[in-house]
Every structure is written in structure tokens, then in C-alpha cells.
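For reference, the structure is listed below as C-alpha cells.
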Amino acid sequence: MAQAVEQALEEKRHLIVEAGTGTGKTLAYLMPVIRSGKRVIISTGTKNLQEQLFYKDVPFLEQALYGDTSGRLSVCYMKGRNNYLCRKKLYDLTDQPVLSGLDEIAQYRDIAAWEKTTATGDRAELAELPEASLLWHKLDARADACTGQKCSQFDRCFITEMRRKAMESDIVIVNHHLFFADLAIKLQADGAADAGILPEAGAVIFDEAHELEDVAGNYFGISISNLRVEDLARDVESSLQHNHMLSASLSGALGSLRERSQFFFSLLPPGEGRFAFETRREFLEENGDEFVALNQALTRLAGELEGLPQKPEEVFNFVRRAQEIQVGLQFALESEDRNTVFWIERRGGRANANSPQRHRGTEKTKEGHQGRQNVFLQATPIDVGPILRECLWSKLECAVLTSATLAVGGGFDYIRQRLGLEHARESVLPSHFDYESQALLYVPPDLPDPRTPQFTVKAAERIRQLLEITRGRAFVLFTSYAQMNEIHQRLLGEVEFPILRQGDAPKSALLEEFRLTPNAVLFATSSFWQGVDVQGDQLSCVIIDRLPFAVPSDPVVAARVKAIDAEGGNAFFEYQVPAAVITLKQGFGRLIRSLHDRGLLVLLDNRILKKQYGRVFVESLPNYKKTTEMRVVEEFFGVEA
């Protein structure tokens, strides 16, 4: 793999390479990157992998190559802006604290003390700060409130410092969200020199590249919500109060904007979770006056702000934000772009307790405004391939896409098609794990079809039997929250082992508890299907409830299916099956993480045996030993029983 990456860098060619778990992907691309002498951006799917690269793999290579870890390699590590403290916001809050409750006051004191000593401003250093801290949202360095070089704290700013480091570094480690957020900003700014925070690079390595389509789709799309309007109104109010500039007319403009926004978003079609906005034209015909009124309220606010004498720098930002909301609203309601799907998402509030999600069990988003439903008007590209072809692949000298799960049926047709990557070298490198002796794949032939009501009862009973054989030590992974909760409920009191459930504690705390609790069982959905590493006997079984097809009624999935079929393709075999294959490979990939791991894989969905498309799944999986008999499962664990 290292030779293939080196060749791609030298010849300025793109490369797609699937390398199985345990092959040492990170070392395989880091070596040629170091030797190339070029500035290279490494973009990963998770912060965990970023940390592994920065704190473990790079120092290991420095030691191996130079005999020390004294920083001979010039490397920096960047996260999204909301991970960093904004000093100006902190100092402004010191003068005029707007803190609610004792928790926020205590958090504020901790953050203020930490700011005096931190070199990075990265919230990850604040181990005690709750994941859902509302105070952090008021203090982070997100671009919305940033005034750039005109800020009084610009020279001491953590973002400025991070950007400076990136400009001086040969290797810049980011995650996909930051990479595509930065790319989207640069595209909007049309090549302005100071746009974005990532430096130009000779090459980009995309690790965990199977995630690129979804992430790119998010950042090339548009999202307008009542939450975004409320955030703007709150920021304007807070800033102008702080600067003693909140006049009666401005208060009136803010009150009008809040009122118009609340009314407009309440008129959007009802529905749960994510659903297509197919009646945009009719909606505008019926509610055109309210749409115009919201637009006018945004124009009025912008006008009032522009008319302020000697205004602080952030006011120009507020005007820009108001205009961006107007442009987004106009696009979401009036655009006829045929490569865009328009949809609505409702989050939070009582109506959303069990909303259908885009991805098998996607996490419900934490919202800053609890108890109230937030409505998002969304526009997402149906096919990101042409956009990536034009603004990324054609501009990069060399891109390397790698993951343990990119190939379907041994080839890369699916990933190339979805990402618009035409001219690339390809390589599939198997893992050196002995899957045939290390893992057993069990598919029960007698369970009902997972789409029938009888499935849940039978599946719960089979999971109970399997957990007795494996003595717990299992991940039970589900494609939906509803299924997870129902089976969890059925097995409470029926299983003698400690059962942990996603949602009952933060992800990192659950994983730590799983590692430390003998014979534990973890029930989880999509975020535990990938990027989770538990080695050794503690995880000896991974059970998956059903083939992880994306929800067909999801607006983005449905639009992609319709587009492929309309062009004469077969969306089921070209899009839905390959996407599910990659997700299944990710889920099963949790089990065998080292040469010494050994365990059982279970798929409770026997369509993999009975349907024509099942062969594609089987041929895409590693060469596990396979069985349909419980007796063989018992024998596999007989040594330990």
C-alpha cells in the first residue's frame, strides 16, 4: 500500500485503495507522505482517528526514522471551529455575564481559569465539561460571530494560531466535516485569499473514505431553520445590549423577526422526522405573504444594523448572516435545480420521540432549545459526483481514498460512481487476519423476514440464546432506535449479564463501561457500527438485527433512487445494495481487531441466504467460516464454555 501511495504522489494520480482491518493503513500512507516533501492534508472520518494519527502514529514514525520524537516532522491537528474557545466571547461575557443556573456559573469559572493556561483552546482539554453544555455554545469560535482580522483578540485567537500552524506544517490532520466545510466556504467566497482555514496542499489523503458522499452532501446543501433565525436574533440582542446600542426601533425589528419566523416555520407542512417537501409551489401560493413578511423582517433588521453609527465590527457579520438566511430561504422555496432534493426535518419537542431517521438509527441531535420543536428547511444535492469532479478531483494533484470498506463485490464501481471519481488507480489489499479460523458467521435460516411483525419476538429469543452461549461479551447492533428499545425491553430481566444501551450515557462513557464490565452486552445503533475498537475477549460476539438498507422513504435516499431509475439504471442494485454492503462490512468489522481476536458474527436477517442480492453481500465480506446451525455456534465456544 505504501508503494501504491508513493507512486500516486509521484505521478500526481488519484488512488482508491481498500485495505482490510489491521493492515496498518495509517503507517502505509504516512511513510510516503513524509518522504514526498509535499504539504499533505489527511482527512479522517472521526476525531478518534485524528488523535491516533497525531498522538500515536506520527510520534512512532519520528522515533523509527530519526531516533527521537523531538518534533522533526512538522504536523498539526485541526478540528472544526466550534471545538475552540473564542477569547472575545469569554471576555465579553466577563463584563456582562448572562448565565442561567449554578451549573453554567461553575462551568464559566472552570473555562475562565483554563483559558489562562491553555495553548490550544481545544474543549477536549476540559474533561469535566458536559458534552451537551449550553454555555460552550455561547463561547465557541464558530464562524457566525467571527470578525476576523478586525477582532480585538485576533493576534491571540486560537483559530488564528491554528491557521498559522497549518501554514507552517507539512502534514495537516483534519476530519471530513472540517475539510468539506472549508471547501464549501472557499467555493462561496469564489477564491478569496482569506476564505476558509485550511492551507493549499499538494495532496489529500481521505481515510475512512466510505463516508465522503454523505458529508459532502451536507456541506454542498442548504439548511435554514427557526433555530438559525433565533440564534441570529439572540446574538444581535446580546451584542447590542453589551455595547449599549439596543434602541427601541432595533428591539422592534428583533421582535418582528422572531414573530414572523415563528409563524412562517409553523406553517410548513406537518410530519415527523425527515420528509420530502413536495408541495413547495402550493405552499408558496398559499403562504406567499408570510414568506414575504419573513424576508422583509430580515431586510428591516439588516437595514437597522447598517444604519447604526460607529457600529462594532460584529454588526457587519449580523448583516451578512441575515442576508445568507434570505438567500437560503429563497433557494429552498423557489429553486428549480433538478440535482437538488428539498425536504423538511423536525427535531426536538414531543412530536419527535421516535422520528424516522435517514440512517439506520442516526443519533437524535441535541438542541439548544429544549422542549420546543425545531424545523429545518433543507436542500441537498442528489448526486454529489459532478460537484466533486469539478471542484475537488480536477483541482487536486493527488487524492488517495482509503478505508477497510470501499469495495463491493471486489470492485470500486459504486464508490467511483457516487463520488464522480473517473481516473484513479485501484487496489484491494486483504487483511492478514485469518478470518476463517478467527470468526464464525451464523445466519439463522428459520427466523421470519425482518419486515414482518413476528420478527421482533423471535429475534429477541434468539439473541437471548446466543448471549447465553457467548456469556455476554457482545455488541447487539440495530438499524433503528425503535427495534433496539423494543428488544432491550423484552430482554431486561431475561439475560443474566449487564446490559448497556446507547442513549443512557455518552458514547465514550458507554464504551469505557463496556470494556471494564465483565460479560457486558451493549445495545446500540449507527454510531457504534464504525470507528469503535474493542480488542480481546471482552468483545467476542457482534449481532446485527437486519441488513442495513437505508430507509427507503428518507427524502435524500428516495430522490437518489428516483434519479438513478429515471436515467435507466437499477437503483436497488447500483445504490441501495452497495450502500448496505459497506455498512454491514463496517458493523462486522467491530469484531476482529487483532491477530488474537476470536468470535462470533450473527446476522439475524436470512434474506442474505434467500434473495438473489444476498450473494453480493456474501461475496463482499471477508472469508469468515459460515454456518446456519446453533450446534456449530456452541462448538465454536465449546473451549470457553
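Some observations on this one:
- The residue that is surrounded by the most Cβ atoms within 10 Å (Cβ to Cβ), among those in the stretch 558-575 that are within 17 Å of residue 419 (Cβ to Cβ) and under 21 Å from the mean Cα position of the chain (by Cα), is 560.
- Residue count for the stretch 458-478 satisfying the condition of being surrounded by fewer than 17 Cβ atoms within 10 Å (Cβ to Cβ) and either among the hydroxyl-bearing types (Ser, Thr, Tyr) or touching a Pro at 6+ places or on another chain (Cβ under 9 Å) (or both): 1.
- Identity of the residue in the stretch 279-302, without any contact (Cβ under 8 Å) to a residue 12 or more places away in the chain and within 33 Å of the chain's Cα centre (by Cα), that ends up nearest to residue 377 (Cα to Cα): 279
- Each residue in the stretch 315-347 was checked for being surrounded by fewer than 17 Cβ atoms within 10 Å (Cβ to Cβ), of a type in the set (Ser, Thr, Tyr) and under 25 Å from the mean Cα position of the chain (by Cα), and 0 of them qualify.
- Enumeration of residues in the stretch 484-497 that are over 17 Å from residue 456 (Cβ atoms) and either in contact with a strand residue (DSSP E or B) (Cβ under 7 Å, 6 or more places away or on another chain) or crowded, with 17+ Cβ neighbours inside 10 Å (or both): 497
- Filtering the stretch 140-179 to residues that are part of a helix (DSSP H, G or I) and either surrounded by 21 or more Cβ atoms within 10 Å (Cβ to Cβ) or hydrophobic (A, V, I, L, M, F, W, C) (or both) leaves 143, 145, 154, 158, 159, 162, 166, 167, 176, 178, 179.
- Test result for residue 197, within 30 Å of residue 529 (Cα to Cα) and out of contact with any Pro (no Cβ under 9 Å at 6 or more places or on another chain): no
- Whichever residue in the stretch 255-269 is buried (at least 21 other Cβ atoms within 10 Å of the Cβ) and of a type outside the set (D, E, K, R) and, among such residues, is farthest from the chain's Cα centre (by Cα): 257
- Residue within the stretch 523-532 that is modelled with pLDDT of 90 or more and more than 22 Å from residue 21 (Cα to Cα) present: yes
- Selection of the stretch 378-412 for residues being free of Cβ contacts under 8 Å to residues at least 40 places away in the same chain and in contact with a helix residue (DSSP H, G or I) (Cβ under 8 Å, 6 or more places away or on another chain) yields only 385.
- Picking from residues in the stretch 390-413 that are outside any loop (DSSP other than H, G, I, E, B) and in contact with an Asp or Glu (Cβ under 7 Å, 6 or more places away or on another chain), the one that is farthest from residue 615 (Cα to Cα) is 402.
- Of the helices (runs of 4 or more DSSP H) lying entirely inside the stretch 1-104, the ones with 3 or more residues being within 30 Å of residue 150 (Cα to Cα) are found at 87-95.
- Flag if residue 593 is part of a helix (DSSP H, G or I), basic (Lys, Arg), assigned by TED's automatic domain parsing to the domain that holds residue 532 and surrounded by fewer than 20 Cβ atoms within 10 Å (Cβ to Cβ): no
- The conditions of being in a helix (DSSP H, G or I) and farther than 24 Å from residue 429 by Cα are not met by residue 577.
- Test: residue in the stretch 101-108 that is touching a helix residue (DSSP H, G or I) at 6+ places or on another chain (Cβ under 7 Å) and either in contact (Cβ under 8 Å) with a residue 40 or more places away in the chain or of a type in the set (Gly, Ala, Ser) (or both): no
- Pairing residues of the stretch 160-188 that are more than 13 Å from residue 81 (Cα to Cα) and among the small types (Gly, Ala, Ser) with residues that are part of a helix (DSSP H, G or I) and modelled with pLDDT of 90 or more, at Cβ distances under 6 Å and at least 6 apart in sequence or on separate chains, gives 184/219.
- Total residues in the stretch 184-212 satisfying the condition of being surrounded by fewer than 20 Cβ atoms within 10 Å (Cβ to Cβ) and either within 17 Å of the chain's Cα centre (by Cα) or among the hydroxyl-bearing types (Ser, Thr, Tyr) (or both): the figure is 1.
- Criterion violated by residue 481 - all others in (1) within 27 Å of residue 129 (Cβ to Cβ); (2) exposed (fewer than 14 other Cβ atoms within 10 Å of the Cβ); (3) touching a Lys or Arg at 6+ places or on another chain (Cβ under 9 Å) satisfied: (2)
- Looking across the stretch 294-314, the residues that are in a helix (DSSP H, G or I) and surrounded by fewer than 18 Cβ atoms within 10 Å (Cβ to Cβ) come down to 295, 296, 299, 303, 306.
- Residue 112 vs. criteria touching a Leu at 6+ places or on another chain (Cβ under 7 Å), assigned to a helix (DSSP H, G or I) and not assigned by TED's automatic domain parsing to the domain that holds residue 207: yes
- Checked against the criterion of being out of contact with any Cys (no Cβ under 6 Å at 6 or more places or on another chain), loosely packed, with under 13 Cβ neighbours inside 10 Å and either touching a residue at least 12 places away in the same chain (Cβ under 8 Å) or closer than 30 Å to residue 586 by Cβ (or both), the stretch 70-78 contains one or more residues that satisfy it.
The values are calculated or read from the model by the stated rules, or taken from the named source; none is laboratory data. On a predicted model such as this, the values are computed, not experimentally measured, just so you know. Note: ideal-geometry Cβ built from the backbone for every residue, glycine included; neighbour counts use all protein chains shown.
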